[in-house]
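*Asks:* Could you have a look at this structure, given as structure tokens, before my questions?
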Amino acid sequence: MPKLPVMIHGFGNVGKNVLQALEASPDMQCIGVLRRTVSLGARMHELRGVPDFSDLDNLIGKVGKPAVVFVCGPSRKVPEDAARYLAAGLHTVDSFDIHSEISSLIGKLDAAAKASGKAAVTAAGWDPGTDSVLRALFEAMAPTGTTFTNFGRGRSMGHSVAARAVAGVADAVSITIPTGGGRHSRLVYVLSAPDATQDAIRRDIAADPYFNSDPLEIRFVDSKETLQAVADDSHGVLMERTGASGFSSNQQLRFDMRINNPALTGQVLVAAARAATRMAPGCYTLIDIPPVALLPGERLDNVARLV
């Protein structure tokens, strides 16, 4: 059976790890990567032999039309990028991670997806994403109770991108530190531009929605080498729920993982792309999708193996 042709939009940490997950996938093939014109030809060894292009028409003309686009740019650009690809008649998947804006994004992409007869899967990382599914299952198992999701300690890709977008920041890494009970602090290492004002950088990072609701510490570093020393890809989550099933209380549920952040995000996106081709037109998150639709192979074979 021929593999499903797919493409990647954006080739940062997530895009690179999507490509690696696709190379290991039994049922998908990446036919091209879309990048900024100034990036064409750079990091060719990381493209693993896949051609890169600066626009969709050129990609289609050279290698054919993909079925699914992995939208791997910054979250704040996802609404525009995903809507554009849906209008072009392509399924889309993304790892949009601004929790408070997911519901409104679903409404926008749902209309675009139905108009084009395609499916969009949004917020398909590990949180939001697979952790969202686990929170839903925890509530189904113990409907009355409280769930705490404790992230880290580790590097947050979304928060790091947000910090790097602040004026005067040459580079930045944001570390998430769990403080218990689902609360977190943010430790941001910043390499500032030569003419930047540190006070202005502190103010603008603290005002950003990614950071303005958590305790925040900003540390300035003097070199790229110092920044790289804290920029490993490790992350994790400890999710805990204590609740009741019917009239039986003290049901204690726990999920714990320690992961490479972009690698897991890339793998979840590949599973979401598979599901997108199996769903009716519209926009979905992972809690809307049957888990079996995320897996390669035939449904009944997976049911027999897993159920």
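The values are calculated or read from the model by the stated rules, or taken from the named source; none is laboratory data. These figures come from a predicted structure and were not determined experimentally. Cβ sites come from the backbone with ideal geometry, for glycine too, and all protein chains shown count toward neighbours. We work out accessible area using only protein heavy atoms, side chains counted, and drop any ligands, DNA or RNA first. Shrake-Rupley method; radii C 1.70, N 1.55, O 1.52, S 1.80 Å.
*Asks:* In region 124-159, which residue that is farther than 23 Å from THR92 by Cβ and among the β-branched types (Val, Ile, Thr) is most open to solvent (accessible area, probe 1.4 Å)?
*Replies:* The qualifying residue most open to solvent (accessible area, probe 1.4 Å) is THR144.
*Asks:* For region 123-145, which residues satisfy the criterion of being within 23 Å of LYS77 (Cβ to Cβ) and either among the hydrophobic types (A, V, I, L, M, F, W, C) or free of Cβ contacts under 8 Å to residues at least 60 places away in the same chain (or both)?
*Replies:* ALA123, ALA124, TRP126
*Asks:* So which residues in region 44-99 are of a type in the set (Asp, Glu) and either touching a Phe, Trp or Tyr at 6+ places or on another chain (Cβ under 8 Å) or free of Cβ contacts under 8 Å to residues at least 12 places away in the same chain (or both)?
*Replies:* Residues satisfying the conditions are GLU46, ASP52, ASP57, GLU80, ASP94.
*Asks:* Which pairs have Cβ atoms under 7 Å, sit 6 or more apart or on different chains, and link a residue in region 19-32 that is acidic (Asp, Glu) to one that is assigned to a strand (DSSP E or B) and open to solvent by less than 80 Å² (accessible area, probe 1.4 Å)?
*Replies:* ASP27/LEU4
*Asks:* Continuing with the same structure: Does any residue of region 227-243 turn out to be of a type in the set (Val, Ile, Thr) and either open to solvent by 80 Å² or more (accessible area, probe 1.4 Å) or farther than 17 Å from PHE148 by Cα (or both)? Can you show your working first?
*Replies:* Just the residues of region 227-243 that are of a type in the set (Val, Ile, Thr), to begin with: 230, 237, 242.
Okay, now just the ones that are also either open to solvent by 80 Å² or more (accessible area, probe 1.4 Å) or farther than 17 Å from PHE148 by Cα (or both), so 230.
Yes; the residues of region 227-243 include at least one that is of a type in the set (Val, Ile, Thr) and either open to solvent by 80 Å² or more (accessible area, probe 1.4 Å) or farther than 17 Å from PHE148 by Cα (or both).
*Asks:* Determine whether ILE106 is modelled with pLDDT of 95 or more, assigned to a strand (DSSP E or B) and open to solvent by 20 Å² or more (accessible area, probe 1.4 Å). Before the answer, list the steps.
*Replies:* On the way: modelled with pLDDT of 95 or more: yes; assigned to a strand (DSSP E or B): no; open to solvent by 20 Å² or more (accessible area, probe 1.4 Å): yes.
Taking the combined requirement at face value, the residue does not satisfy it.
*Asks:* ALA21: surrounded by fewer than 15 Cβ atoms within 10 Å (Cβ to Cβ) and among the aliphatic types (A, V, I, L, M), yes or no? Spell out the reasoning first.
*Replies:* On the way: surrounded by fewer than 15 Cβ atoms within 10 Å (Cβ to Cβ): no; among the aliphatic types (A, V, I, L, M): yes.
No.
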